[in-house]
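Chemist: Below: one structure in C-alpha cells.
The values are calculated or read from the model by the stated rules, or taken from the named source; none is laboratory data. Because the structure is predicted, anything quoted here is derived from the model rather than measured. Neighbour counts are summed over all protein chains in view; Cβ atoms, including those assigned to glycine, are modelled from backbone coordinates with ideal geometry.
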Amino acid sequence: MEKYKSPVYNIISVPVHKIKPNNYNPNSVAPPEMQLLYQSIKMDGYTMPIVCYYNKETDEYIIVDGFHRYRVMLEHEDIFEREEGRLPVSVIDKPLDHRMASTIRHNRARGSHNVDLMSNIVKELHEIGRSDAWISRHLGMDKDEILRLKQITGLAALFQDIKFGKAWRPVEEDDEGETEDEFETGAGDSECGPSL
C-alpha cells in the first residue's frame, strides 16, 4: 500500500488565468474582511495555497477552497504584478460531490458559510442522489440542520422520503350542528411536521 501524502506537500505555481471559480461555494466575505485579506496578502504574501481540482479536458484548475485569495489577485494589480500573475495551488483529485463536501468542510472549519448557498448545496447533492446520511457524514451536519436547509429551498422533492405524522383531522357536524377538530394521538402523531 502506497503511503498517503497530503496535497499540501505538492504545491504548484499556476497562472491565475487557468484558475476558475466553482459555481457552488457558499462562503461569503464582507468588504471589510476582503480589505483585511488584501492587506494580509500585501504584507505577508500568500501563506496558504488555493485548493483546486485539475480538469484535464479544459486544462483548468477549479477552485475548491481559496476563492477570496484568488479574488485578491484579480482585483489588485499590485498583487498581480508582484506575484507575476501566479497563485500557489494544492491539487485534490475528487469527483464533484466530494469536492463540494471539501468546500463545505473548509468553510465550516473557519466558521464561515452562507445559509442560502448551503441549502443549494444540499439540494444539488440530493439531486445527484446523495442521501441525508451521506450529506451528514461528509458535511458534518446533523439531521435537523439538513432538514432546515432543505426547508429553505422549498422543494417538495427533497421531502419525498420523509414520513409526516397526522396532526389533526376535521370531524363532521354532530346531530346538534356543532363541529370540532379532533387531534390524532399515537406514536409519531403528536407533533406537527415530519417524523424523522
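Chemist: So is R110 at pLDDT below 65 and closer than 28 Å to K42 by Cβ or not? Before you say what the answer is, go through the steps one by one.
Modeler: On the way: at pLDDT below 65: yes; closer than 28 Å to K42 by Cβ: yes.
Answer is yes for this residue.
Chemist: Just to be sure I understand the filter: pairs with C-beta atoms under 9 Å, separated by 6 or more residues or on different chains, first member in region 51-79 and on the phi > 0 side of the Ramachandran plot, second member surrounded by fewer than 19 Cβ atoms within 10 Å (Cβ to Cβ). Which pairs pass?
Modeler: These pairs meet every condition: D59/K18; G66/M48; G66/H106.
Chemist: Within region 37-48, is even one residue exposed (fewer than 12 other Cβ atoms within 10 Å of the Cβ), in contact (Cβ under 8 Å) with a residue 40 or more places away in the chain and not hydroxyl-bearing (S, T, Y)? Walk me through how you get there before you give the answer.
Modeler: Just the residues of region 37-48 that are exposed (fewer than 12 other Cβ atoms within 10 Å of the Cβ), to begin with: 39, 43-45, 47.
So of that shortlist, the ones also in contact (Cβ under 8 Å) with a residue 40 or more places away in the chain come out as none.
The answer is no; no qualifying residue exists.
Chemist: For residues that are surrounded by 18 or more Cβ atoms within 10 Å (Cβ to Cβ) and of a type outside the set (S, T, Y), tally how many sit in region 89-105. Explain how you work it out, then say what you get.
Modeler: So in region 89-105, the residues surrounded by 18 or more Cβ atoms within 10 Å (Cβ to Cβ) come out as 89-90, 99-104.
Subsequent filtering for residues that are of a type outside the set (S, T, Y) retains 89, 99-101, 104.
Final tally of qualifying residues: 5.
Chemist: If you scan region 1-33, which residues turn out to be out of contact with any strand residue (DSSP E or B) (no Cβ under 9 Å at 6 or more places or on another chain) and either of a type in the set (D, E) or surrounded by 14 or more Cβ atoms within 10 Å (Cβ to Cβ) (or both)?
Modeler: Those that are out of contact with any strand residue (DSSP E or B) (no Cβ under 9 Å at 6 or more places or on another chain) and either of a type in the set (D, E) or surrounded by 14 or more Cβ atoms within 10 Å (Cβ to Cβ) (or both): E2, Y24, P26, S28, V29, E33.
Chemist: Determine if region 59-70 includes at least one residue that is more than 30 Å from P95 (Cα to Cα), surrounded by fewer than 12 Cβ atoms within 10 Å (Cβ to Cβ) and out of contact with any Pro (no Cβ under 8 Å at 6 or more places or on another chain).
Modeler: Step one: list which residues in region 59-70 are more than 30 Å from P95 (Cα to Cα), which gives none.
The answer is no, given that none of the residues of region 59-70 is more than 30 Å from P95 (Cα to Cα), surrounded by fewer than 12 Cβ atoms within 10 Å (Cβ to Cβ) and out of contact with any Pro (no Cβ under 8 Å at 6 or more places or on another chain).
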